[in-house]
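The next block holds one structure in the form of structure tokens; read it before the comments.
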Amino acid sequence: MDNIFDRRVTDAHIARINRLRADTKPLWGKMNAAQMLAHVAKPYEMVCDPDYAHTHKRPPAVMRFLLKTFLKPIVVGEKPYAKNSRTAPEFIVADERDIDVERRQLIAYINQVQAWGASHFDGKDNHSFGVMTAQEWNNLFAKHLEHHLTQFGV
């Protein structure tokens, strides 16, 4: 798994993001490139946007238990996501987006997470999965980003 806290890895991801164009077609799935960038930014938004907790309600305790028990190992584990995997409703981006706006936002989030470093994330609470290790946060970000950059062939 790529280490998103390593500047070289971050720069490589940003270079791939910068190769995307509005007309870049996905190899699978329904999103266009701008929607995909907005979608990939959602996990970063959870930790970078100070208003996130106020605008997105935390799942109820029973749901959090189920998410932590059954979904968390899939989301933060080492195994790559399957093509056309289901997406949480709050992560679906169906409206039209401006690719340049979405690209700038995602890159800003990626740079912020990299600048904070692994120590910032070790023991940090996740909205749905509870307290996670820095490695789990890394896997969440890196695996999701890799899945969608591969989806768009960059």
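The values are calculated or read from the model by the stated rules, or taken from the named source; none is laboratory data. This one's a predicted model, so the numbers in the text were calculated from it and none came from an experiment. For neighbour counting, all protein chains shown are included, and Cβ atoms are generated from backbone atoms with ideal geometry for every residue, glycine included.
Brief remarks follow.
- Close contacts from region 1-27, counting a first residue that is part of a loop (DSSP other than H, G, I, E, B) and a second that is loosely packed, with under 11 Cβ neighbours inside 10 Å and not aliphatic (A, V, I, L, M), with Cβ to Cβ under 8 Å and a gap of 6+ residues or different chains, come to Met1/Glu78.
- Among residues of region 131-154 that are touching a residue at least 12 places away in the same chain (Cβ under 8 Å) and more than 16 Å from Glu45 (Cβ to Cβ), those with a Cβ under 8 angstrom from a residue that is surrounded by fewer than 19 Cβ atoms within 10 Å (Cβ to Cβ) and among the aromatic types (Phe, Trp, Tyr), sequence gap 6+ or separate chain, pair up as Lys143/Tyr81; His147/Tyr81; Gln151/Trp28.
- Taking residues in region 41-62 that are within 21 Å of Lys143 (Cα to Cα), and partners anywhere that are assigned to a helix (DSSP H, G or I) and of a type in the set (S, T, N, Q), the pairs with Cβ atoms closer than 6 Å and at least 6 places apart or on different chains are Ala41/Gln105; Cys48/Gln112.
- Residue in region 6-38 that is nearest to Gly117 (Cα to Cα), counting only those that are loosely packed, with under 14 Cβ neighbours inside 10 Å and of a type outside the set (D, E, K, R): Ala12
- Taking the criterion of being among the charged types (D, E, K, R) and either closer than 22 Å to His56 by Cα or assigned to a loop (DSSP other than H, G, I, E, B) (or both), the residues of region 82-116 that qualify are Lys83, Arg86, Glu90, Asp95, Glu96, Arg97, Asp98, Glu102.
- Breaking point among (1) out of contact with any Cys (no Cβ under 9 Å at 6 or more places or on another chain); (2) closer than 19 Å to Asn3 by Cα; (3) at pLDDT 95 or above, for Ile74: (3)
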